[in-house]
1. How would you classify the stretch 25-178 from its alpha-carbon gyration tensor, with a ≥ b ≥ c the square roots of the eigenvalues: rounded for a/c under 1.5, else prolate if a/b is greater than b/c, otherwise oblate?
2. What angle do you read, to the nearest 10 degrees and between 0 and 90, between the alpha-carbon axis of helix 200-228 and the longest principal axis of the chain?
3. Report the Cα centroid-to-centroid distance between the stretch 302-336 and the stretch 107-147 in angstrom, as an integer.
4. Please arrange 363, 25 by counting, for each residue, the other beta carbons lying within 10 Å of its beta carbon, fewest first.
5. Can you give the calculated 222 nm mean residue ellipticity of the chain, where each DSSP H run of n ≥ 4 adds -39,500 (n - 2.57) and the sum is split over every residue, rounded to the nearest 500 deg cm²/dmol?
6. Working from the pairwise distances between different alpha carbons, so that the mean of 1/r is found and then inverted, what is the stretch 246-384's Kirkwood radius in Å?
7. What whole-number distance in Å separates the alpha-carbon centres of the stretch 34-93 and the stretch 214-267?
8. How far is helix 24-35 tilted off the main Cα axis of the chain, in degrees rounded to 10, range 0 to 90?
């Protein structure tokens, strides 16, 4: 459970579902009623998460797997997001189910539909803090109503689908992104063959396409290493201008024929007057910038401009990427969540990847702002003078 979780059991404050809770004596009575059910021993050792919640979405029973996952001796009276340490459960006094984010989570609809008498499944991704690290639980929830001793409860089973989601992401890379890039390389080679000799323009596009192909493969390798903690960090003194220019160069092939411009300039259209130096890992930083640019490119249309610029203060440096598109409320709520994407299943690892790379390995952070009339800006900020090895 979140260490800084503060719940007011009497609050009515909510931005989504009702905040009302049953008090301890009612929870204890409901727990006893569940223990008297003949089937409960069967669920105790089930290999998936099993919860039974009441009509205020509070846990009145959980199996051993759930207790081990939550790290709590008892989750009685808590809501699912609170028990499993969801980072959004502490955003309001009403806790799980009452925040803006909860409107886009799979747990509330799974419970509410079952309370209304329906049985069904909902995907759910919980971002949580374990120790000093953030991790993501990808779950498929199955819920159904349960009537006991004149009261309605809900049985919720949670299946871990993290491995399935990871496999889908790899399929996306090798069947979609890499497949498209390889097809582009083939098209460039065919054009060169038809003309009888390689022109400087075609050679430049070919280099950009092969750089992009390499970047796609290396990005997946880096994401896997980042998640299992084996990614090596090699800090050195870098030029931000050179790092940004190299990231832009990878997309020369991607923007060809689309009339999309990626410009090293600030919102006023001005190029940086001076360069900025920093001590950080140039490969990891560039990988973050490539993901930021890729997201902006996917959000942009013909004749659009993407702007990228950098800034600094006494302690940190930042790189900003802007595009004119406005993010939806749902997309903003799910930002940085593994496997969430508006582009279909198996996508959505870009923002998640750049956030864990920045936070876990560069001691930095990734933020975004999206406002109507001004567009969307992603920013990565890292320390200016990380210690050299």
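1. On the way: a/c = 1.79, a/b = 1.61, b/c = 1.12.
Prolate, since a/c reaches 1.5 and a/b exceeds b/c.
2. Taking Cα atoms only, the helix is inclined about 30 degrees.
3. 31
4. 25, 363
5. Mean residue ellipticity at 222 nm (helix-derived): -11000 deg cm²/dmol.
6. On the way: mean 1/r = 0.0647 Å⁻¹.
Result for the stretch 246-384 stands at 15.5 Å.
7. Answer, in whole Å: 42.
8. Computed tilt is about 80 degrees.
Read-outs: derived from the displayed coordinates by stated rules, not from any lab. Computed from a predicted structure; not experimentally measured. No Cβ is skipped: glycine too gets one built from the backbone with ideal geometry, and neighbour counts run over all protein chains shown.
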